[in-house]
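Each remark here refers to the structure printed beneath this line.
The values are calculated or read from the model by the stated rules, or taken from the named source; none is laboratory data. These numbers come from a predicted model, not from an experiment. Because the Cβ atoms are built from the backbone with ideal geometry, glycine has one as well, and the counts that use them run over all protein chains shown.
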Amino acid sequence: MPGAPSTLRADLALAGAAFLFGSTFLVMQDAVEDVEPVPFIVSRFAIGALVLLPLALAQERPSRTIVRDGTAAGVALAAGYVLQTVGLQYTTSSVSAFLTYLLVVFVPLLSAVVLRRPPLPSTMAGVALAVGGLLALTAGAGAGGIGIGRGELLTVGCAVAFAVHILVLGTVARRHDVTALNCTQFTVVAVLLFVPGLVVGGYGFPAEVWWSALYLGVVVSAFAFALQVYGQRRVSPSRTALVLMLEPVFAAVLGWLDGERLGWLGAFGAGLILAGILVSELGPRSPLTERSVSGHAPRDG
């Protein structure tokens, strides 16, 4: 069938990106056992920005517009990563991945608020499933769930921040080269959090933490994002989002291999969250939401 090999390559590229994005949860969790979250975030995004800088300058010259748009995106991105990374100190990487991916459900809800339109039936059905999954996932540990605490609440907050980030990108991304915009927002995250990172812990990391920062900054922010862009240019936004749903699945598998266990009720809740995301993705959406979700994955690494 014409186009099938190209579609297969695109799907494989997106699946590869999902795997790399999914690996970030375990890598970040291990790193913040040894250092404070904020300086680690600064380091990984500074590395990511430096990797992208030569390509960004070749694609788009610095301007007041890209600084303004990159700052808006970078502030939301920084908030999301601070909440997520601090949350990883109090919950497991697999739970963090599933809760973070609630952002796909929050996007159409926030979009409905921005556009002053009622949520679509598919959105409400997805929200209902996701909320049920959240309740099951965070049920008491004695009932087979993982319990709800500081880590889970912080991670839900990070999903909201990432949803805001997606909506910002849905507005500004079409004005700029993708690499240049990412380099700008990564730089904003590093600059915005540099002094807080210096205050709360500094940057004297052990060697293994610097290796983690290099992995996230180079392999995830640069290579995984390139795989994502390759795939997105060849398949539809909805197909892109569906393949990228593998991210929390990969994160859960890697967490399981590392000894994490969700419990039967937690696994059921994770499945309901994925079902809610699937329903939200398959349903119709507004043009703004379509543009936003198509570029969501996943928080730009």
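Condition check ((1) surrounded by 24 or more Cβ atoms within 10 Å (Cβ to Cβ); (2) polar (S, T, N, Q)) across all residues:
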{"residue": "Phe19", "(1), (2)": "no, no"}
{"residue": "Leu26", "(1), (2)": "no, no"}
{"residue": "Glu36", "(1), (2)": "no, no"}
{"residue": "Val51", "(1), (2)": "no, no"}
{"residue": "Glu60", "(1), (2)": "no, no"}
{"residue": "Gln84", "(1), (2)": "yes, yes"}
{"residue": "Leu102", "(1), (2)": "yes, no"}
Of all the helices (runs of 4 or more DSSP H) wholly in segment 196-253, which have at least 2 residues that are crowded, with 19+ Cβ neighbours inside 10 Å and either within 15 Å of the chain's Cα centre (by Cα) or at pLDDT below 90 (or both)? 225-232, 237-244
Filtering segment 93-129 down to residues that are within 16 Å of the chain's Cα centre (by Cα) and of a type in the set (A, V, I, L, M) yields Val95, Ala97, Leu99, Leu102, Leu103, Val104, Val105, Val107
Taking Ala46 as the residue in question, decide whether it is more than 21 Å from Ala270 (Cα to Cα), in contact with a Leu (Cβ under 9 Å, 6 or more places away or on another chain) and crowded, with 16+ Cβ neighbours inside 10 Å. no
Out of everything in segment 138-174 that is at pLDDT below 85 and closer than 26 Å to Gln59 by Cα, what residue ends up being surrounded by the most Cβ atoms within 10 Å (Cβ to Cβ)? Ile166
Candidates Gly126, Gly132 - the one that is more than 18 Å from Phe21 (Cβ to Cβ), touching a Ser or Thr at 6+ places or on another chain (Cβ under 8 Å), at pLDDT 75 or above and assigned to a helix (DSSP H, G or I): Gly126
Exactly one of Leu57, Leu12, Leu26, Leu77 is under 20 Å from the mean Cα position of the chain (by Cα), more than 25 Å from Cys158 (Cβ to Cβ) and not polar (S, T, N, Q), and that residue is Leu12
